[in-house]
Amino acid sequence: MNYTLNQLQVYLKVVQTQSVTKAAEALNLSQPAVSIQLKNFQDQFGIPLIEVIGRKVYITDFGKEIADAAENIINQVYAINYKSLAYKNQLTGRLKIASVSTGKYLMPFFLSGFMRQHAGVELVMDVTNKNKVFESLKNNEIDALVTAPLNKHTMQSGDFNFTGHTPYLKEAFKADEVVMLMVAENMKVALLTEHVAIGDVVKNITKEQIIKKINLLKNSLKKDFGIDRPKIAVLGLNPHAGDEGLVGKEEKEIIRPAVIEAKKNDCVVLGPYSADAFFARGIHEKFDAVLAMYHDQGLIPFKSLALGEGTNFTAGLPVIRTSPDHGTAFDIAGKNLADEASFRQAIFTAIDIYETRMGYAERTRNPLRKISAHVVANAVDEKLEE
């Protein structure tokens, strides 16, 4: 037999896609080129690898075994390349990205600088649909989800009756609670209520909900951002944080009791703070995260004071999800004015969170049991014979 690595790759892609046309598209080859390579590869075996009935490709049992062997060979070749580059202190590995069809052309553009800088990283694009992406996330086949901005009004339908990605993903992944968390180099701002009309904000502020969000935020800061003992600030709802009840009682009756209760759950949390003075005086710099009561209270200072590009992260999901910190910007569509920097940062933030989660899981796996003073006190020293 005299098959080539290229033939193995072509055959494996045909098996994976069960289509010559889709394999050609995935490999950036013409359909005739794939067909020729496939025929040359098949002719070396006396047993059929695939059968074509109508327009559908079927893989024989023997063909499946050859596909498994081909995948092992290709993986070994990749491993050799990765190890060679690793010895040269170069970043290596395979970056697999699942994308809906619209992202097929955008993602390579967003990552072009990264790929040029790290030639040892292989980019693998899996172009699919939304439902399959979610299924792959649930099956741990994908490490992170990066969503593009959406127009909430246009998206409304029988299948999407949500005010944004955050509540939609909460339901899709059956999460008990989630927090919309805006992340930048110098600050993190979480929202108690998200896309809620101002007139409805007060009815959504409860002691129980504040405690839930504080605990979730604390856990996320530890697991997703590597902050072992995070400090959290909580903002008030009313001007001057209610002025001791003079311009609103929510601080005295709801927010402050929630903060006191959260402290009992081993949270380092302070508040409620008057939002205007809190940001104007730079007090936010003393905390790892801030919990704002409503959308504009948190997003206006975040977008005004954040250093670098901001990212929207959904804390509380069983999977990692990030997004740019801006909207669809239809008003500048087609004018070559859009800036992709926030989208690129959302990708890098997702990668950083993934690495931090892996480190957290490693650090907290099989912790040593603490030996009580009673056990130590009753321990008998070993006597050594001279």
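Laboratory data are not the source of any read-out in this text; all were calculated from the coordinates shown. Keep in mind that this is a model prediction, so the values were computed, not measured. Using ideal geometry, Cβ is built from the backbone for each residue, glycine included, and neighbour counts are taken over all protein chains shown.
Here is how the numbers come out for the structure above:
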{"item": "Listed peptides 105-118, 241-254 by packing density, highest first (mean Cβ within 10 Å)", "result": "241-254, 105-118"}
{"item": "Extension gain from Glu244 to Val124, taking 0.36 nm per residue of separation minus the Cα-Cα distance", "result": "37.4 nm"}
{"item": "The range 143-364 - share of DSSP beta bridges that are antiparallel (%, nearest 5)", "result": "50"}
{"item": "Distant-in-sequence amide H partners of Leu237 (H built 1.01 Å from N, under 5 Å)", "result": "Glu251"}
{"item": "Label point 7 Å beyond Cα of Leu106 along Cβ direction - residues of the range 347-365 with amide nitrogen under 14 Å", "result": "347"}
{"item": "Whichever lysines have a C-alpha closer than 18 Å to that of Lys96, once near sequence neighbours (fewer than 8 apart) are set aside", "result": "Lys13, Lys22, Lys104, Lys130, Lys132, Lys138"}
{"item": "Potential lengthening between Glu340 and Arg94 on full extension [0.36 nm per residue; Cα-Cα distance subtracted]", "result": "86.3 nm"}
{"item": "In Hz, Karplus ³J(HN,Hα) per residue of the range 150-161 (6.51, -1.76, 1.60; θ = phi - 60°; x = Gly, Pro)", "result": "10, 8, 4, 5, 5, 6, 4, 6, x, 8, 9, 10"}
{"item": "Mean Cβ neighbour count within 10 Å, used as a protection proxy, ranking 136-143, 87-94 highest first", "result": "136-143, 87-94"}
{"item": "Hull-based mean projected area of the range 143-364, where the convex hull spans the alpha carbons, in square nanometres", "result": "13.1"}
{"item": "The range 189-206 - phi-based ³J(HN,Hα) in whole Hz, Karplus 6.51/-1.76/1.60, Gly and Pro as x", "result": "10, 9, 10, 6, 10, 9, 8, 10, 4, 3, x, 9, 4, 4, 5, 9, 9, 10"}
{"item": "Compactness of the range 1-44 - radius of gyration and Dmax, Cα, Å", "result": "9.3, 28"}
{"item": "Cα centroid separation - the range 73-97 against the range 325-363, whole Å", "result": "25"}
{"item": "Net +/- balance of residues flanking Lys207 in space, Cβ distance below 14 Å, scoring K and R +1, D and E -1", "result": "+3"}
{"item": "Whole-number Å³ per residue for the convex hull built on Cα positions in the range 91-141", "result": "67"}
{"item": "Long-range HN-HN contacts of Leu95 with modeled amide H, under 5 Å", "result": "Glu122, Leu123, Val124"}
{"item": "Label point distance in nm, Ala329-Lys263, each placed 7 Å from Cα along Cα→Cβ", "result": "4.4"}
{"item": "Highest to lowest packing among 144-154, 72-82, 9-19, 51-61, scored as the average C-beta count within 10 Å", "result": "9-19, 144-154, 72-82, 51-61"}
{"item": "Values of log10 I(q)/I(0), in the order q = 0.08, 0.12 Å⁻¹, for the chain under a Debye, Cα-only, solvent-free model", "result": "-0.59, -1.03"}
{"item": "³J(HN,Hα), Karplus 6.51/-1.76/1.60, whole Hz, each residue of the range 265-273, x for Gly, Pro", "result": "9, 6, 9, 8, 9, 10, x, x, 9"}
{"item": "Computed over the range 5-86, Kirkwood Rh from alpha-carbon pairs, angstrom", "result": "13.2"}
